[in-house]
Amino acid sequence: MTSNLQRTAQSVVKNVASVLPGKEQVIELVIATVISGGHVLLDDKPGTGKTTLAKAIAQSLGGVTRRIQCTPDLTPGDVLGGRYYNFNRGDFNFHQGPIFSNIVLADELNRATPRTQSAFLEAMSENDVTVESDTYALPKPFVVIATQNPMDQAGTFPLPDAQLDRFAIRISLQLPTRDEEIRMLQSHIIDEPVAHLVSVCRSDEWLEMTLEVRRVSIHPDVQAFIVDVIRAIRLHLGATAQLSPRAALWLQRIAQSLTWLRAEKDYVTPDVIIEAIPYVLMHRCTGSGLSLEQLQSAMTNVKVPT
């Protein structure tokens, strides 16, 4: 039986899909990641709708949203905030940066320098930030939705493995089909449809969704399947393996979230795990040059539970 929260989450998917025709599968996966508390990396060429998707999700979900346009001259202080001297009071006050939001849209993250990229690391892992000697908690829920341009473009700085590992999934929108592109032109005759989206979910409902997602049942045999997949890929990659235990954790959480969002079963099946594998694992193997075909080959001898 579908709960009220599940219906609300499904309405978020429909709300976002109304401005990105033909991308329902991508949208479902991204929404599933966000409501599970995971960070999302949208990786594709400019103009494919990455920023539109991020903005549509932010406007559909409740909470405070801030957008950070990443450029080479962006500093860590521009992201985190900093201490400023208050002449009236004669002391220093901390002014919060845009990272102190429920949804942070980091546009073109790999155009920021490595020093500024590192400003996101603690926030994405610990849900707090340290400025000088003080640590400040970030609001709950907190999610980063970042976009990234292809690495062969001028003015880009590769995201380090440690940063890529903080993203639960990496996904591409791909170019639209002919019919999808025609529908896109028709919807943009007057203005951008994303500007008219309204919130269909409150931030407190979002937090409740995260708790419900983690209660979705997953059999020990399916958990063993996750671990066996991770270990098979590590064995295949050898010394170049980059898969940390965080990869297994997010593979489980994304599968739980997709299962909960679809409301078809109340337990995780191996099919959902297999569906999520490319999006959760591929970006964590970037340094090894692992292709999707090689990933599938590495999994050949892993027994799928029934």
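Tabulated data
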item	result
Ranked 189, 230, 169, 182, criterion: other C-beta atoms within 10 Å, fewest first	189, 182, 230, 169
Under-5 Å amide H pairs with residue 131, H placed in peptide plane, nonlocal only	136
For region 184-211 and region 92-163, distance of Cα centres in Å	23 Å
³J(HN,Hα), Karplus 6.51/-1.76/1.60, whole Hz, each residue of region 210-223, x for Gly, Pro	4, 5, 5, 4, 6, 8, 5, 5, 9, 5, x, 5, 6, 5
Most fluctuating residue given options 255, 224, 119, as computed from a GNM of the chain linking Cα atoms under 10 Å	224
Euclidean distance of C-alpha centroids, region 16-36 and region 256-306, integer Å	18 Å
Neighbourhood net charge (14 Å Cβ-Cβ; Lys/Arg +1, Asp/Glu -1) for residue 69	+1
Selected from 84, 136, 279 as most flexible by GNM, with the chain as the system and alpha-carbon contacts under 10 Å	84
Selected from 244, 257, 269, residue furthest toward positive end of dipole (region 216-306; charges at beta carbon)	244
Bridge type composition, the chain - antiparallel percent by DSSP, nearest 5	35 percent
In order through region 28-34: 3J(HN,Hα) via Karplus (6.51 cos²θ - 1.76 cosθ + 1.60), integer Hz, x for Gly, Pro	4, 5, 5, 4, 4, 5, 5
The chain, helix-only ellipticity at 222 nm - DSSP H runs n ≥ 4, -39,500 (n - 2.57), divided by all residues, nearest 500	-12500 deg cm²/dmol
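We did not get these values from a lab; they are worked out from the coordinates using the rules stated. Fair warning: this is a prediction, and the values are worked out from it, not measured in the lab. Quick reminder, even Gly has a Cβ in these numbers, built from the backbone with ideal geometry, and neighbours come from all protein chains shown.
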